[in-house]
Amino acid sequence: MPQPKQENLQAAKRILTAYLERKGLRKTPERFAILEEIYAREDHFDVDELYISMKNKKYRVSRATVYNTLDVLVDCDLVTKHQFGKNLAQYEKAYGYRQHDHIICMDCHQVMEFCDPRVQNIQNMVGELLKFNVLHHSLIFYGNCQRENCENKNKAITERPKRVEVE
């Protein structure tokens with residue numbers, strides 16, 4: 001039986017194929033290689049990180065191809081694009097992954113993910129009250145770590161965001 005990650009990747013490939021056909025775009029191996037690289041990751045990433053990762057694995061892709069493919073993947077909801085208060089866009093895979101929100105330390109720029117079912121309940125209630133079909137939302141809390149010494153102060157975060165489940 002395939003692992004959920006592999007199932008998500010296969011479904012994402014089918015969605016990308018249908019999207020490309022519907023838009024009359026070419027189904028290039030580079031686009032699918034970029035999709036595979038993204039779905040193998042467990043973190044937020046920027047264009048340069050993805051490009052360097054692809055080059056280190058000997059893929060023959062240009063930076064422009066990475067940018068253009070990310071635009072396509074965002075447009076067909078396979079990747080989510082974030083602006084976490086910096087001038088640098090960050091991305092993460094979207095298909096088959098639970099809705100979650102983010103909290104960001106303004107000192108060290110650490111991004112933590114959290115999931116609270118009450119946020120989804122609020123989204124549903126607002127949609128019903130206003131007779132609005134909410135497709136997705138973005139919620140980001142900005143603040144400061146409450147630790148005495150913020151462990152990443154003045155450093156760019158390079159590790160995987162921590163996911164916190166709220167009960």
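The values are calculated or read from the model by the stated rules, or taken from the named source; none is laboratory data. As the structure is a prediction and not an experimental result, all values here were calculated from the model. Virtual Cβ from ideal backbone geometry, glycine too; neighbours counted across all protein chains shown.
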Exercise. Tell me which residues, restricted to region 105-120, are in contact with a Phe, Trp or Tyr (Cβ under 7 Å, 6 or more places away or on another chain) and either in the same structural domain as LEU20 (by TED's automatic domain parsing) or surrounded by fewer than 17 Cβ atoms within 10 Å (Cβ to Cβ) (or both).
Key: MET106
Quiz item: Taking VAL74, is it surrounded by 18 or more Cβ atoms within 10 Å (Cβ to Cβ) and either closer than 27 Å to SER138 by Cβ or at pLDDT 95 or above (or both)?
Solution: no
Quiz prompt | Complete set of residues in region 123-143 that are without any contact (Cβ under 8 Å) to a residue 24 or more places away in the chain and more than 25 Å from VAL79 (Cβ to Cβ) | solution = MET125, VAL126, GLU128, LEU129, LEU130, LYS131
Quiz prompt | In region 1-52, the residues that are of a type in the set (Gly, Ala, Ser) and exposed (fewer than 11 other Cβ atoms within 10 Å of the Cβ) | solution = GLY24
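Yes or no, residue by residue, for (1) surrounded by 14 or more Cβ atoms within 10 Å (Cβ to Cβ); (2) within 15 Å of the chain's Cα centre (by Cα); (3) modelled with pLDDT under 75:
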{"site": "GLN123", "(1), (2), (3)": "yes, no, no"}
{"site": "LEU129", "(1), (2), (3)": "no, no, no"}
{"site": "GLN146", "(1), (2), (3)": "no, no, no"}
{"site": "ARG160", "(1), (2), (3)": "no, yes, yes"}
{"site": "VAL164", "(1), (2), (3)": "no, no, yes"}
Exercise. Residue by residue through region 13-53, note down the ones that are hydrophobic (A, V, I, L, M, F, W, C) and within 15 Å of ASP75 (Cβ to Cβ).
Key: ILE15, LEU16, ALA18, LEU20, LEU25, ILE34, LEU35, ILE38
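Per-residue answers, yes or no, for (1) touching a residue at least 12 places away in the same chain (Cβ under 8 Å); (2) out of contact with any Leu (no Cβ under 8 Å at 6 or more places or on another chain); (3) among the polar types (S, T, N, Q):
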{"site": "ALA12", "(1), (2), (3)": "yes, no, no"}
{"site": "LEU16", "(1), (2), (3)": "yes, no, no"}
{"site": "ARG26", "(1), (2), (3)": "no, no, no"}
{"site": "GLU37", "(1), (2), (3)": "yes, no, no"}
{"site": "TYR51", "(1), (2), (3)": "yes, yes, no"}
{"site": "ASN56", "(1), (2), (3)": "no, yes, yes"}
